Structures are given as structure tokens and as C-alpha cells.
Amino acid sequence: MTMIPVANPGAAYRAHREEIDEALGRVARSGWYIMGEEVSAFEHEFAAFVGADHCISAATGTDALVLILRAMGIGPGDAVVTVSHTAVATVSSIDLVGAHPLLVDIDEADFTMSPDHLDEALSTWSGPPVKAIVPVHLYGHPADLDRIMEIAGRYGVPVVEDCAQAHGASYRGRSVGTFGVAGAFSFYPTKNLGALGDGGAVVTSDAALDARCRLVKQYGWQQRYVSEIPGINSRLDEIQAAVLRVKLKYLSADNGRRVNLADAYRTLGANPRIVPPGVKPGSGHVYHQYVVQSDQRDRLETHCRDRGVGTSILYPLPVHRQPAYAGRVSLGPGGLPVTERVPERILCLPVWPEMSDGQRDAVVGALREF
Ligand SMILES: Cc1ncc(COP(=O)(O)O)c(C=O)c1O
């Protein structure tokens, strides 16, 4: 029995092999490998896709978050609010710029930042001044942007969106990444838009922030060999930009296929023992992951494996429980009870655009029969 993987970046390559191979060859033959025409074209195309004025490519999604925070002047002596049920990169990027992470709880149905807990945390926090709020559009589901933007506005704190798992996700018809001052994307190979290696990008419609991100991403250079401010080296390779340009053309169709798979799991695979992922009104979920909950998660995991359906648990340990960060973060009032609970309940099922109908039916069958 061959196991259906949870994600399958190789299938995404094979689906567009000729075009991708052509793009790889084109860059190799060009003799220009860093910050050239492919990067510049991709930045324009991705900004247009998202509906932002600017896109600044970077080496990784982690770097995209770091670029934004540094460009905003956030560092030691500042606090940044985010969640603990996320990829460690969301929190590590805050730590990397020297700011203090203040972590708030999530909504149990869709796993994104709880606006109520955010409000409570901001109203009771007595630590360093909060300079940004970073909601994560986890698994492809937009955070509750109406309420988060309203709360952020009330406290006068800018919002930076972590869109690493949400390429093409929308909220009330508008793409994520355009609500806050900036959005950060990752192009890690398994993402909805994935490179053949690492990659990331910032999107923003703030011209000053765009200019500052561009300075930080390349040694603080405005002019070659003259650093205006301390910077880093975080560039997207030409070769990755060329691959991403091919894959971007298919992103909307690929997201549509993810939504179809999720609809099939939800309806045909309905089972009272399994809670499907919640979708808030107005949310255009793009199912980077299809994450169910169950009181009998471990049994469900074994049941799926026995039927050739691969699964994973994202994330098994909240960031505030991880050795590196346990002593370096603060938690909102009352702690994070939902964040503590969900790792015992969640399971990610296979969802990738090239899945066959037979593979889809195998997942549906595994869900229904549990
Ligand atoms: C929510 C989230 N934020 C940030 C990142 C960081 O992206 P990268 O792995 O490209 O550094 C990731 C990727 O794993 C992610 O899932």
C-alpha cells in the first residue's frame, strides 16, 4: 500500500515540469543569478496578485517577518503580540530583532488569534510598549481581521500579517497581506505557492516601508558598497523567482482544487467523531492544511495510517512550551488554555492540488469509516 502524503511538492513540479525546466534553463543560461529580471518580474506579479503596491522578495518567510519588523524600527525594549500555536518562525522573528514576544490564545474553531484575548492582553499588559500585532493566517484560514484591525486601531498598534500559509486567502473579498501595514509570505516548497527551495516575500502598500525593507534586505545598501543602515543579506535567487513565476500562474486554480478537496472531506467524509476545520463568515480559506479535531486523535491517526492516508500534527508543541522560547516570552492573562488543548486534538490530512479523485476518495472513506 502506498501512503498518500500530507503534502507533495514533487507532484507540483511534475504538473508543470516543462515550463519549470524551461525557466531553470533560462536562468542558468542567462549568467545572472541574483537580483535580476526574474526577481523584479516576480515582485511585480506577486504584488499584483495580492493587490499590494510593493513586493520585496527575501530568502525565507522568516526573513520576510524580520525585514518588516526591522524596517518598522522594532527591536530591544519593544514588545510584539502574536500567537503560540504557529510555526516557530512567527515567534523567532520577533526574538531575532530583539523584541519581546507577548503570546495570546487562539480561537478553537479556526486556530487563529482570539480577538477577545488580544484585547484583554493589550488592556492588562504592563511590560515594554507593544509596537506590532502579528496575526497568523494559519493553515490558510484568515484571522478575524475585522476585529483585530479594530482592536489594533483602538490601541494605536500597527498590524503585520503572517501570510506564510495563506497565499491567495481572502477576507471579505480582499487578499490577506493587504489589511495590515505589511504581510509576510513564505515560499517553502510545500506552501500553496512553493519554490524548489527556500524563498519569502514582504508585501506592502507603504512606500516608505518598502524602501526600508529593501535597504535592510541587502546590507543597508542604497548604493553598492555603502551601507546606510545595518542590514542583512536576504535575497530570493533568480532561479527561485523564475520557478515561482511559473507556479503563480496556477495558484488560483490550485487553491480551487484544495477547496474542492476540503468540501469533499467535510460533506462526504462527515463523521460525528471528527470536527472539521471551522470557517468564519467572509473568510476565503485556501486549505494549506486541512486540520480536523477529535477526542480520539491518536486512534484516528492510526486508523488513517492503516488505510494508507498520511497525517501529521502541526504543531505538536506550542512555541511557549519549547525549550528555546519558554523563558523568553510572556503569555496573555489567564494563560493560553485553547493553545494548550489543541495539540492533543488536531490532525492534518492530505490536501494538495495534484491529488487524484481516487486519493480524495480514500481520505473521505477513512474519515467516514472512523
Ligand atoms: C506561519 C508561518 N510563519 C512563518 C514561516 C517561516 O517561513 P520560512 O520557513 O520560509 O522561513 C512559516 C513557514 O514554515 C510559517 O508556516
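The values are calculated or read from the model by the stated rules, or taken from the named source; none is laboratory data. The structure presented is a predicted model; accordingly, all values stated were derived computationally and were not measured. Methodologically, a virtual Cβ is constructed for each residue, glycine included, from the backbone with ideal geometry; neighbour enumeration extends over all protein chains shown. We work out accessible area using only protein heavy atoms, side chains counted, and drop any ligands, DNA or RNA first. Shrake-Rupley method; radii C 1.70, N 1.55, O 1.52, S 1.80 Å.
Net charge near ARG257, counting Lys/Arg +1 and Asp/Glu -1 over other residues with Cβ under 14 Å of its Cβ?
-1
Give, as a single signed number, the net charge of other residues whose beta carbon lies under 14 Å from the beta carbon of PHE46, with Lys and Arg counted +1 and Asp and Glu -1.
Residues near PHE46 contribute -1 overall.
With every protein chain kept in place and ligands, DNA and RNA left out, what is the accessible area per residue of the chain? Probe 1.4 Å, answer in Å². Show your work: numbers first, answer last.
Numbers: 14630 Å² over 370 residues.
Per residue, the chain has an accessible area of 40 Å².
Among DSSP beta bridges lying fully in the range 124-246, give the percent that are antiparallel, nearest 5. The partial results should precede the final answer.
Numbers: 9 of 14 bridges.
Here the antiparallel bridges make up roughly 65 percent for the range 124-246.
Just for the chain, what percent of DSSP beta bridges are antiparallel, to the closest 5?
Numbers: 24 of 40 bridges.
Of those bridges, close to 60 percent are antiparallel.
Note down the magnitude of the dipole of the chain about its Cα centre, charges +1 on Lys and Arg C-beta and -1 on Asp and Glu C-beta and zero elsewhere, to the nearest 20 debye.
Values: 34 positive and 42 negative charges, 67 e Å.
Using only the charged Cβ atoms, the result is roughly 320 debye.
First measure r as the distance between the Cβ atoms of TRP32 and TYR155, then evaluate 1/(1 + (r/R0)^6) with R0 = 45 Å and state the FRET efficiency to the nearest 0.05. Don't jump to the answer; show the numbers that get you there.
On the way: r = 46 Å, r/R0 = 1.02.
Step by step, r from the Cβ atoms, then E = 0.45.
Suppose R0 equals 22 Å. What FRET efficiency, 1/(1 + (r/R0)^6) with r the Cβ-Cβ distance, do GLU344 and VAL279 give to the nearest 0.05? Spell out each step's value before the answer.
Working: r = 23 Å, r/R0 = 1.02.
Using R0 = 22 Å, I get an efficiency of 0.45.
Residue by residue, what Karplus-based ³J(HN,Hα) values in Hz, rounded to whole numbers, does the range 109-115 have, using 6.51, -1.76 and 1.60 with θ = phi - 60° and x for Gly and Pro?
Running phi through 6.51 cos²θ - 1.76 cosθ + 1.60 with θ = phi - 60° gives 6, 10, 6, 9, 2, 7, x Hz.
For ASP21 and GLU45 in the same chain, what is the full-extension length gain: residue separation times 0.36 nm, less their Cα-Cα distance, in nm? Don't skip to the answer; put the middle values down first.
Numbers: separation 24, 0.36 × 24 = 8.64 nm, distance 2.00 nm.
Result for the pair: 6.6 nm of gain on full extension.
I'd like the carbon and sulfur percentage of the solvent accessible area for the range 167-290, probe radius 1.4 Å, heavy atoms only, ligands and nucleic acids excluded. Could the numbers behind the result be given before it?
Numbers: 2620 of 5030 Å².
That share works out to 52 percent.
Take the Cα atoms of the range 9-248, build their convex hull, and give its volume per residue in Å³. The partial results should precede the final answer.
Details: hull volume 27.4 nm³, N = 240.
Spelled out: Cα convex hull of the range 9-248, divided by residues, is 114 Å³.
Note down the nm distance, to one decimal, between modelled labels 7 Å out along Cα→Cβ at LEU96 and at ALA270.
Label at LEU96, label at ALA270, 4.4 nm between them.
Answer rounded, prolate or oblate for the range 240-335, using the Cα gyration tensor with square roots of eigenvalues a ≥ b ≥ c: rounded when a/c is under 1.5, else prolate when a/b is larger than b/c, else oblate. Numbers along the way, then the final one.
Values: a/c = 1.73, a/b = 1.15, b/c = 1.50.
Verdict is oblate for the range 240-335.
Just to confirm a number: summing +1 for Lys and Arg and -1 for Asp and Glu over residues other than TRP221 whose beta-carbon lies under 11 angstrom from that of TRP221, what do you get? Present the calculation step by step, with values, prior to reporting the outcome.
Values: positive: ARG214, LYS217, ARG224; negative: GLU228.
Around TRP221, the surrounding residues sum to +2.
How many angstrom lie between the C-alpha centres of the range 49-85 and the range 116-152?
Computed from Cα coordinates, the inter-centre distance equals 15 Å.
So how far, in whole Å, is the C-alpha centre of the range 3-29 from the one of the range 204-252?
24 Å
If each DSSP helix of 4+ residues adds -39,500 (n - 2.57) and the sum is divided by the residues in the chain, what number results at 222 nm, nearest 500 deg cm²/dmol? Display every interim value, and only then the final one.
Numbers: 13 runs with 143 residues, N = 370.
It comes out at -11500 deg cm²/dmol, rounded to the nearest 500.
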